[in-house]
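A.B. asks: Take this structure first; my questions come after.
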Number of protein chains: 2
Amino acid sequence: MGFMTEPPTSLTPAQLGAYFAFTEVSSLVRHSVEKQLRSAGDLSYVQFQLLARLGDAPDGRLRMTDLADGVVYSRSGLTYQAQLLEQRGLVTRAPSPDDERSTVVALADAGRAVLAAVFPGHIEAVHELLFAALSDRDVGELARILGQAADRLRATPPRSAAPRQRKTP
Amino acid sequence: MGFMTEPPTSLTPAQLGAYFAFTEVSSLVRHSVEKQLRSAGDLSYVQFQLLARLGDAPDGRLRMTDLADGVVYSRSGLTYQAQLLEQRGLVTRAPSPDDERSTVVALADAGRAVLAAVFPGHIEAVHELLFAALSDRDVGELARILGQAADRLRATPPRSAAPRQRKTP
DNA sequence: TAGCACTGCTTTGAACTCGAAGCAACACGT
DNA sequence: ACGTGTTGCTTCGAGTTCAAAGCAGTGCTA
């Protein structure tokens, strides 16, 4: 490790290759998974992630904010999706008894059913798209390496960017 | 390797870990990069990718369809973005002399300038977000592994999914 | 060379996302 | 108690994406 750790203005060939492959895989997997979920249970990927989080949570209930983390980057987006899921009866919303401000989202039976119906196909699709080409050892390496990257990303607070510019009409 | 290669209905812990880390990293990187591009040159990630593709192309010109591959999954999305880029003068559109149907998009000088202005920051952001936590060896492994996955994804023709359901009003 | 399928792009309508602004409930300071 | 600031969510407006339908131009076949 050198002393000077200024970020370089170019990437090594290996880094470029990794970056391109990463964006390509990420885009293709996302797109394919989205189609699978849509046809299997009429869910968007975001909706599936929300249901899956609720399914993982103890009691199948979470506050809105906790539910949103990493899935949607705006509160309003979550509100919108929660409304959709509630209208379909997959989820219920109720004000928290502890804190009247916060809304607790709970996985309804119908939601659990949809999740159960969609899950195997989702797993199969991910396996097919991402892991079928990889050896067990490579999967382990991938998990380790991406885990490191994820740790750093979580640790790095997202520096606030300039607000999105409005188009001048 | 066994004979029976039916897709499993569950993932190994390593696969699960890799999948979670992958989606997390992919989502966070995308989001951060998007902000960086927006503030550096008022470009969306898609727009940046389109300009970058044109920059890579010989003569800086590509047919619409060739430009879209992997960036946008609908023709109409590309039409929309091409219009925006053309309005900003970053790109020109003209019917192809060979084939009157197809439109050739060419990188304008202003587009090249914006690309040059944005690129270093983009590289720096990607380095910071994705590679700062990884050793050179890990980057090489990542490139190799994701390259394998990408190859398979490219080889697998996207099986047509059921059309997106309309909501019943 | 006429018919007919196909290709390449655009138009259109609906769905989804975000940021800013707004509103109620909470958590303090005095 | 009573402002004042903060938190949690929703509403609102604008922008982006997709799929389906539409429209020329092209190529194939008889």
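Values quoted throughout were computed directly from the atomic coordinates according to the rules given, and no laboratory measurement underlies them. Computed from a predicted structure; not experimentally measured. Here the Cβ is made from the backbone with ideal geometry for all residues, glycine too, and neighbour counts use every protein chain on show.
A.B. asks: May I ask for the angle, rounded to the nearest 10°, between helix A:136-155 and the longest principal axis of chain A, with both axes built from Cα atoms and the value confined to 0 to 90°?
C.D. replies: It works out to around 80 degrees.
A.B. asks: While we're on this one: Angle, helix A:13-41 long axis vs. longest principal axis of chain A, Cα atoms, 0 to 90°, nearest 10?
C.D. replies: 20 degrees
A.B. asks: Taking one equal scatterer on every alpha-carbon of region B:26-119, how large is log10 of I(q)/I(0) by Debye at q = 0.13, 0.14, 0.16 1/Å?
C.D. replies: -0.41, -0.48, -0.62
A.B. asks: Compute the separation of the alpha-carbon centres of region A:24-71 and region A:87-134 and state it in Å as a whole number.
C.D. replies: Centre-to-centre (Cα) distance: 7 Å.
A.B. asks: For chain A, just the Cα atoms, rotate onto the principal axes and tell me the three extents in Å, largest first.
C.D. replies: 55, 43, 41 Å, listed from the longest principal axis down.
A.B. asks: Taking square-rooted eigenvalues a ≥ b ≥ c of the alpha carbon gyration tensor, is region B:96-143 rounded, prolate or oblate, where a/c under 1.5 means rounded and, failing that, a/b exceeding b/c means prolate?
C.D. replies: Values: a/c = 5.84, a/b = 2.11, b/c = 2.77.
Oblate shape, in that a/c is at least 1.5 and b/c is the bigger or equal ratio.
A.B. asks: A follow-up question, please. Across peptide A:123-129, what mean number of C-beta atoms from other chains lies inside 10 Å of a residue's C-beta?
C.D. replies: 6
A.B. asks: What angle do you read, to the nearest 10 degrees and between 0 and 90, between the alpha-carbon axis of helix A:75-87 and the longest principal axis of chain A?
C.D. replies: Helix A:75-87 and the main axis of chain A meet at about 40 degrees.
A.B. asks: Now for a different question. So how much slack lies between residue A:66 and residue A:94, counting 0.36 nm per residue of separation and subtracting their Cα-Cα distance, in nm? Intermediate results must be reported in sequence, preceding the final value.
C.D. replies: Working: separation 28, 0.36 × 28 = 10.08 nm, distance 1.49 nm.
8.6 nm is the gain from fully extending residue A:66 to residue A:94.
A.B. asks: Since chains A and B are linked by a rotation, which residue in A has the beta carbon closest to its axis, and how far is it in Å?
C.D. replies: Residue with the nearest Cβ, plus whole-Å distance, for chain A: A:26, 2.
A.B. asks: For the modelled label position 7 Å from the Cα of residue B:56 along Cα-to-Cβ, which residues of region A:14-38 have backbone nitrogen atoms closer than 19 Å?
C.D. replies: Answer for region A:14-38: A:14-31.
A.B. asks: Run the dipole for region B:26-119 about the Cα centre, Lys and Arg Cβ at +1, Asp and Glu Cβ at -1, nothing else charged, and hand back the magnitude in debye, nearest 20. Please list the in-between numbers first.
C.D. replies: Values: 11 positive and 11 negative charges, 67 e Å.
Computed about the Cα centre, the dipole is about 320 debye.
A.B. asks: Taking each residue of B:30-36 in turn, how many C-beta atoms of other protein chains fall within 10 Å of its C-beta, and what is the average? Don't skip to the answer; put the middle values down first.
C.D. replies: Numbers: counts 5, 5, 5, 1, 3, 8, 3.
Taking all residues of B:30-36 together, the mean is 4.
A.B. asks: May I pose another question? Assign unit charges at the C-beta atoms only (+1 for Lys and Arg, -1 for Asp and Glu), then state the dipole size of chain B relative to its Cα centre in Debye, rounded to the nearest 20. Before the final figure, lay out each step's value.
C.D. replies: Values: 19 positive and 19 negative charges, 142 e Å.
Result for chain B is approximately 680 debye, rounded to the nearest 20.
A.B. asks: Same structure again: Averaged across A:38-48, how many Cβ atoms of other chains sit within 10 Å of each residue's Cβ atom?
C.D. replies: Values: counts 5, 6, 2, 0, 4, 0, 1, 1, 0, 0, 0.
What the average comes to for A:38-48 is 2.
A.B. asks: Using a/c under 1.5 as the rounded threshold, could you call the protein assembly as shown rounded, prolate or oblate? The axes a ≥ b ≥ c are square roots of the C-alpha gyration tensor eigenvalues, and prolate needs a/b larger than b/c, oblate otherwise. The partial results should precede the final answer.
C.D. replies: Values: a/c = 1.44, a/b = 1.32, b/c = 1.09.
Note, shape of the protein assembly as shown comes out rounded.
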